[in-house]
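The values are calculated or read from the model by the stated rules, or taken from the named source; none is laboratory data. All of these numbers come straight from a predicted model, not from anything done at the bench. Please note: Cβ atoms are built from the backbone with ideal geometry, for glycine as well, and neighbour counts cover all protein chains shown. Note: areas computed on protein heavy atoms with side chains; ligands, DNA, RNA excluded. Shrake-Rupley method; radii C 1.70, N 1.55, O 1.52, S 1.80 Å.
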Amino acid sequence: MIASMQDHQLRVPQLLDHAARYHGDREIVTAWPDGSVTRITWATLANDARKMAQAFERLGIKPGDRVATLAMNHTPHLVAWFGAIGMGAIVHTLNPRLFDEQLIYTVNHAADRVLLYDCAFQQQVDRLRDRWPTIERFIRIDGDGPGSLLELLNVEDGECDWYGGDEREPSMLCYTSGTTGAPKGVLYTHRSTVLHAMAGVAPSMFDLSATSVVLPIVPLFHAAGWGLPFAAAIAGAKMVLCPTNEPTILSQTMTREHVTHSAGVPTVWLSLLAHADAANAFPRALRHVSIGGSAAPASMIARFEAAGVRVAHIWGMTETSPLGTMGQRPVGWALMDEAQKLSVASRQGKPPYGVELALVDDAGEPVTHDGVSPGRLRVRGPWVVHRYYAADADAVDDDGWFDTGDVAVMHPDGTMQITDRAKDMIKSGGEWISSVELENAAIGCAGVAEAAAIGAIHPKWGERPILLVVRRPGSTVTSDELRLHLQNHVAKWWLPDEVIFVEELPHTATGKLLKSALRDRYAKILIDG
Ligand code: AMP
């Protein structure tokens, strides 16, 4: 049959061309920690990315080679991304907060040929360069002078075509955070990245348009900054980048640049909200925040909604590019009372078109969608992993389902709600307790800044929950007061056997609670005393 429609490849550089051609004067702003601000446009970014592509070619980089970045959120980082992807190379984003051993492992596993890094990580690079034998060239990504990205760009003219490979070729390589075992590489293709970005701009997702001003707080190294730079390019949104999560700088930048949309993990929002409350500095133009990476506490959602900011609660994983589902307002929202609204907004929501979810028991049989029966969450779709990088076997079953390792319930209306990571569920007397629900209830107690619930070994019940709590500055909340608060929110048998106040809780490199470290330290506390 004669094809009736044009067979255009879905490739990442064309996202940039689109932004440059139709929204060329919309800005990309970087607010540097020293207070300086740089502004370029999508048109300039596209031109710089072409120069970067030429520079990589001059360095001998070939399509399919891995180019690593060890950098925070700023414009030169995006120039490096689009330049490398534009000439057919694969961008491998390294997470600077990983331990040395993990950084050594991932660079060697990916066999990266070039590393572009922030000056701030010079010591880390000096310490590790001998352990990274595959890296032939180290380039400073910010700053100028010899050995910098700027020096490379300055000798190029930007007169080149993008590499025109197949849409199923890889564009980015992102490693999982590796809280259990070695980090695993997930290769995003050009096609998966473009489809994911097209889904991401929708009103029920990131809600981006050409009038949006979006500040991704999520680091570019966390699942490709949740795909926000690509979605922003499609929308032609103004993008604001901040290399730091320091709340004062973030909130000043949001106010100055009239940021309307932002996205980040709950931990960062907690500190930003605390700052906004203390300094009476809530970013005025903000109207849409995406919260994901771990469960958004109901109290946080309520705080934003009270300020007129719409919250989209995202669930996803590195393996899902990462958008898997997003909380959305259902029909009838306006008629709901505040408690109903909060309960619905706390769910992780529905998938965009393309992503399918399934809930199964341990035997792989379907679990009823009744909003209370938990099951293992499976996912499949065009931007979901098929096989990890350099693995010998597929990561999915014969029908393409990927087992997320998350435990969830499905509500009758099709919304999904995560109840826990399979390995973080607490099993007491044969019954499951959700550590996430317990933590969220605890965070709702005034005086509690952060809380982690883990199962401690118990001679009679198998496991019993214990709660580790960080108090807010100046708070004197006691374990009795906390228990009293929890009684109103969770079943009595869920109440923790111990409440332990700590100065701080350990986090993974992407800001999630590091429960394995807590289990190592506290799992035996109920038997050892
Ligand atoms: P990562 O690949 O590092 O982004 O981690 C993915 C994991 O983070 C998921 O499998 C979930 O366990 C957790 N996660 C992500 N988003 C949420 C959310 N909105 N609520 C609860 N857990 C989440």
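Numbers below:
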read-out	value
Accessible area (Å², 1.4 Å probe, nearest 10) - residue 242	10 Å²
Average accessible area per residue (Å²) across segment 287-404 - probe 1.4 Å, nucleic acids and ligands excluded	46 Å²
Paramagnetic reach from residue 333 (point 7 Å along Cα→Cβ, amide N under 15 Å) across segment 197-216	202-208
Residue-normalised accessible area of segment 215-265, given per residue in Å² at a 1.4 Å probe	18 Å²
Selection of chymotrypsin sites (Phe, Trp or Tyr not before Pro), segment 344-391, meeting DSSP coil and at most 14 other Cβ within 10 Å	353
Surface accessible to a 1.4 Å probe, residue 411 within the full protein complex, Å²	20 Å²
Those lysines that a straight Cα-Cα span of less than 19 Å connects to residue 350, excepting residues fewer than 8 apart in one chain	341
Phi to ³J(HN,Hα) by Karplus 6.51 cos²θ - 1.76 cosθ + 1.60 over segment 22-31, Hz, x for Gly, Pro	9, 9, x, 9, 6, 8, 10, 10, 10, 9
Additional length obtainable on full extension of the chain from residue 6 to residue 393, 0.36 nm per residue less Cα span	135.8 nm
Derived scalar couplings ³J(HN,Hα) [segment 405-410; Karplus, 6.51 cos²θ - 1.76 cosθ + 1.60; whole Hz; x for Gly, Pro]	x, 9, 9, 9, 10, 10
Accessible surface, segment 439-505, averaged per residue in Å² (probe 1.4 Å)	50 Å²
Rounded percent of accessible protein surface that carbon and sulfur make up, the chain, 1.4 Å probe	51 percent
Simple label model, 7 Å out from Cα along Cβ direction - residue 210 to residue 475, nm	4.6 nm
Quarter of Cα convex hull surface for the chain, i.e. mean projection, nm²	26.8 nm²
Cα long-axis angle, helix 42-58 against the chain (0 to 90 degrees, to the nearest 10)	70 degrees
Separation between Cα centres of segment 1-56 and segment 210-233, rounded to whole Å	13 Å
Cross-link partners of residue 184 among lysines (Cα-Cα below 22 Å; sequence separation of 8 or more within a chain)	423, 512, 515
Proximal charge balance of residue 491 [Cβ under 12 Å; K/R count +1, D/E count -1]	-1
In nm, spacing of pseudo-spin labels at residue 483 and residue 525 (7 Å Cα→C-beta vector)	1.4 nm
Model label zone, residue 58; criterion: amide N under 16 Å from point 7 Å along Cα-to-beta-carbon; scope segment 82-111	83-84, 87
Area of residue 62 that stays accessible when all protein chains are in place (1.4 Å probe, Å², to 10)	120 Å²
Efficiency of FRET between residue 246 and residue 491 - r from beta-carbon atoms, R0 41 angstrom, step 0.05	0.55
